[in-house]
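Asker: Pasting in a structure now, in structure tokens, and then I'll have a few things to ask.
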Amino acid sequence: MGGGAAGIAAARRCRELGLRAAIFEARDRVGGRAVTAAFAGHPVDLGAHWLHAGDLNPMVTLGRRRGELLRRTTRRGNLFVDGRPATAAERRSYGTAFGRTDLSFAGAAREPADRPLASALPPLGRWRKATEATMALISGRPLREVSVQDFPSDEFGDNYFIRGGYGAYLARLASGLPAALGCPVHRVGWSGPGVTLDTAGGPVKARAVLVTVPVPVLAAGAIRFDPGLPDDVADALSAFLPGSYEHVVLNWPGSPFAGADRLTKLIGRRFDAALLTGMDRAPFHYLELDHATLSSLRGGAEVARFARDLLRDAFGARALGTLRVLHVTDWRHDPHSLCSWSVVPPGRTAARDVISRPLGARVWFGGEARSRSLWGTAGGAWEEGERAAGEIAAALGAVPKPGETT
Ligand SMILES: Cc1cc2nc3c(=O)[nH]c(=O)nc-3n(C[C@H](O)[C@H](O)[C@H](O)COP(=O)(O)OP(=O)(O)OC[C@H]3O[C@@H](n4cnc5c(N)ncnc54)[C@H](O)[C@@H]3O)c2cc1C
């Protein structure tokens, strides 16, 4: 259930393993938190946009096998400090600060006791606030709310763009799969044998179900489990925090920085860091907003105003002459996602393991929240979808009987 990366991967793998599988998806499209829109004829991703972690990401490997056009993004970004390009010395010392932070986080993650990521920040001098803000943006929550044992490593930084967009890639991968769109599941009956799903299109019987619905949606009770979920599973689902990360899509032909596919970091007086990415050589940028910033803003118009103010502060009013805010994403309020990804707070790292265990050999949970190595990413969701499909196939053993759906 759920037609995002995890659901699509699982359905494909089930088929490869000789099982019959179908996707039940609440939205009228597949892709979930990866969707590609068109602006002036250019594909623009409104959710996932980078294929992170290079060869560790199964979607990169698969893309290569399929002959998809993948382009590695440069690690050399732009750095602006107080509205001017950083000096060479500033670039060096900021780079050193960032590298030290990454090392410190990796070291702390190997310690037996979990603690907040914020407590593992090394002394960083003038770059402290900017480094912390960037790490918080990547995390989806302020660092005091993130487990140090559950933080993405630097390998996440090996990024690729895929021609046509990430959402479009997922839609291609779903092509030919049986998918009921606009068909939310409201109830999962799992008293056995098998499961019964109450969907908007009527009841469906199957031998097993993989639930890939985002954790905050499950925690909000959008799907009733009958019988109710065991206490440890309900507790694990409620442990995750909804992470926020939103794109402000800009068209800014006169932007003061250049370089396709390049991150631009802004460090200024009124803000600690903001990321602007040139997107896959299209004439657009994203301004990326973090949880703390978003928490103080209501609605898209306010976010758009904030973005303009921030860029005016950074570059002056004249530089904004050609700037247009095209779109502001709102995944954190979207009832089918309620987050950008799920974050594990300190002390709750076991939550990912708990939701990785099946219930009664007929209900599995999947999706990005299950992934420890590629957490919060579409690649991680894909990997977990495939893994869950393998587990389901192993548990069901024989070829399904006619008329059943897995
Ligand atoms: C702005 C933004 C930027 C991001 N950037 C990146 C990036 O660059 N790289 C990256 O790898 N990841 C990125 N991510 C994270 C990535 O998008 C997610 O981790 C990934 O797409 C999650 O896939 P999933 O299959 O687990 O969940 P989803 O994609 O959310 O799929 C779950 C599906 O379940 C459906 N659903 C919900 N309720 C029901 C119901 N009751 N019945 C049936 N279906 C239901 C939903 O509609 C959805 O389609 C980003 C996310 C956001 C929001």
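The values are calculated or read from the model by the stated rules, or taken from the named source; none is laboratory data. These figures come from a predicted structure and were not determined experimentally. Positions of Cβ are generated from backbone atoms using ideal geometry, with glycine treated the same way; all protein chains shown enter the neighbour counts.
Asker: With respect to L173, determine if the residue is within 16 Å of the chain's Cα centre (by Cα), part of a helix (DSSP H, G or I) and under 30 Å from E68 (Cβ atoms).
Answerer: The answer is no for L173.
Asker: Filter the range 211-261 down to residues that are of a type in the set (D, E, K, R) and part of a helix (DSSP H, G or I) and give me whichever is nearest to V343 (Cα to Cα).
Answerer: By that ranking, first place goes to D235.
Asker: Would you mind telling me which numbered condition in (1) within 20 Å of the chain's Cα centre (by Cα); (2) crowded, with 20+ Cβ neighbours inside 10 Å; (3) closer than 18 Å to G366 by Cα V249 fails?
Answerer: Checking V249 against (1) within 20 Å of the chain's Cα centre (by Cα); (2) crowded, with 20+ Cβ neighbours inside 10 Å; (3) closer than 18 Å to G366 by Cα, the one that fails is (3).
Asker: Determine if the range 128-151 includes at least one residue that is assigned by TED's automatic domain parsing to the domain that holds A86 and farther than 18 Å from H291 by Cβ.
Answerer: yes
Asker: If you take the residues of the range 304-343 that are touching a Phe, Trp or Tyr at 6+ places or on another chain (Cβ under 6 Å) and within 14 Å of the ligand (Cβ to nearest atom), which of them is farthest from A34 (Cα to Cα)?
Answerer: If we take residues in the range 304-343 being touching a Phe, Trp or Tyr at 6+ places or on another chain (Cβ under 6 Å) and within 14 Å of the ligand (Cβ to nearest atom), then S342 is farthest from A34 (Cα to Cα).
Asker: Same structure again: Would you pick out the residues in the range 6-56 that are more than 19 Å from the chain's Cα centre (by Cα) and closer than 18 Å to V204 by Cβ?
Answerer: Matches in the range 6-56: A11, C14, R15, L19, R20, A21, A22, I23, F24.
Asker: Here's something else I'd like to know. Would it be correct to say that F306 is of a type outside the set (S, T, Y), within 22 Å of W190 (Cβ to Cβ) and either in contact with a helix residue (DSSP H, G or I) (Cβ under 8 Å, 6 or more places away or on another chain) or buried (at least 19 other Cβ atoms within 10 Å of the Cβ) (or both)?
Answerer: The answer is no for F306.
Asker: Something else now. Only one residue in R64, R84 is without any contact (Cβ under 8 Å) to a residue 60 or more places away in the chain, under 23 Å from S371 (Cβ atoms) and away from the ligand (no atom under 16 Å from the Cβ), so which one is that?
Answerer: Going through R64, R84 in turn, just one is without any contact (Cβ under 8 Å) to a residue 60 or more places away in the chain, under 23 Å from S371 (Cβ atoms) and away from the ligand (no atom under 16 Å from the Cβ): R64.
Asker: Go over the candidates R20, R33, R29 one by one and state the one that is basic (K, R) and touching a Cys at 6+ places or on another chain (Cβ under 8 Å).
Answerer: R20
Asker: Shifting gears a bit: Hey, can you tell me all the residues within the range 30-50 that are near the ligand (Cβ under 8 Å from one of its atoms) and either modelled with pLDDT under 95 or not in a strand (DSSP E or B) (or both)?
Answerer: V30, G31, G32, R33, A34, L46, G47, A48, H49, W50
Asker: For the range 173-201, enumerate the residues that are of a type in the set (G, A, S), away from the ligand (no atom under 14 Å from the Cβ) and modelled with pLDDT of 95 or more.
Answerer: S175, G176, G189, S191, G194
Asker: Six or more apart or on different chains, Cβ atoms under 8 Å: show the pairs whose first residue is in the range 306-333 and of a type in the set (V, I, T) and whose second is assigned to a helix (DSSP H, G or I).
Answerer: V325/A304; V325/A307; V325/R308; V328/G300; V328/V303; V328/A304; V328/A307
Asker: Within the range 344-370, which residues are of a type in the set (A, V, I, L, M, F, W, C) and within 11 Å of the ligand (Cβ to nearest atom)?
Answerer: F365, A369 - these are the residues of the range 344-370 that are of a type in the set (A, V, I, L, M, F, W, C) and within 11 Å of the ligand (Cβ to nearest atom).
Asker: Which residues, taken from the range 262-280, are under 22 Å from the mean Cα position of the chain (by Cα) and either of a type outside the set (S, T, Y) or not in a strand (DSSP E or B) (or both)?
Answerer: Hits for the range 262-280 are R262, L263, K265, A273, A274, L275, L276, G278, M279, D280.
Asker: Condition first: part of a helix (DSSP H, G or I) and modelled with pLDDT under 95. Now tell me which residues in the range 105-124 satisfy that.
Answerer: Of everything in the range 105-124, those that are part of a helix (DSSP H, G or I) and modelled with pLDDT under 95 turn out to be F105, A106, G107, A108, A109.
Asker: Taking A11 as meeting all but one of (1) part of a loop (DSSP other than H, G, I, E, B); (2) buried (at least 24 other Cβ atoms within 10 Å of the Cβ); (3) more than 9 Å from the ligand (Cβ to nearest atom), write down the number of the exception.
Answerer: Result: A11 passes all but (1).
Asker: Any residue in the range 266-287 that is out of contact with any strand residue (DSSP E or B) (no Cβ under 7 Å at 6 or more places or on another chain), without any contact (Cβ under 8 Å) to a residue 60 or more places away in the chain and more than 30 Å from T349 (Cβ to Cβ)?
Answerer: Yes, because at least one residue in the range 266-287 is out of contact with any strand residue (DSSP E or B) (no Cβ under 7 Å at 6 or more places or on another chain), without any contact (Cβ under 8 Å) to a residue 60 or more places away in the chain and more than 30 Å from T349 (Cβ to Cβ).
Asker: Tell me whether the range 149-160 contains one or more residues that are within 26 Å of S342 (Cβ to Cβ) and without any contact (Cβ under 8 Å) to a residue 40 or more places away in the chain.
Answerer: Within the range 149-160, not a single residue is within 26 Å of S342 (Cβ to Cβ) and without any contact (Cβ under 8 Å) to a residue 40 or more places away in the chain.
Asker: A further question follows. Anything in the range 37-48 that is within 11 Å of F284 (Cβ to Cβ) and touching a helix residue (DSSP H, G or I) at 6+ places or on another chain (Cβ under 7 Å)? List them, or say none.
Answerer: P43, D45 - these are the residues of the range 37-48 that are within 11 Å of F284 (Cβ to Cβ) and touching a helix residue (DSSP H, G or I) at 6+ places or on another chain (Cβ under 7 Å).
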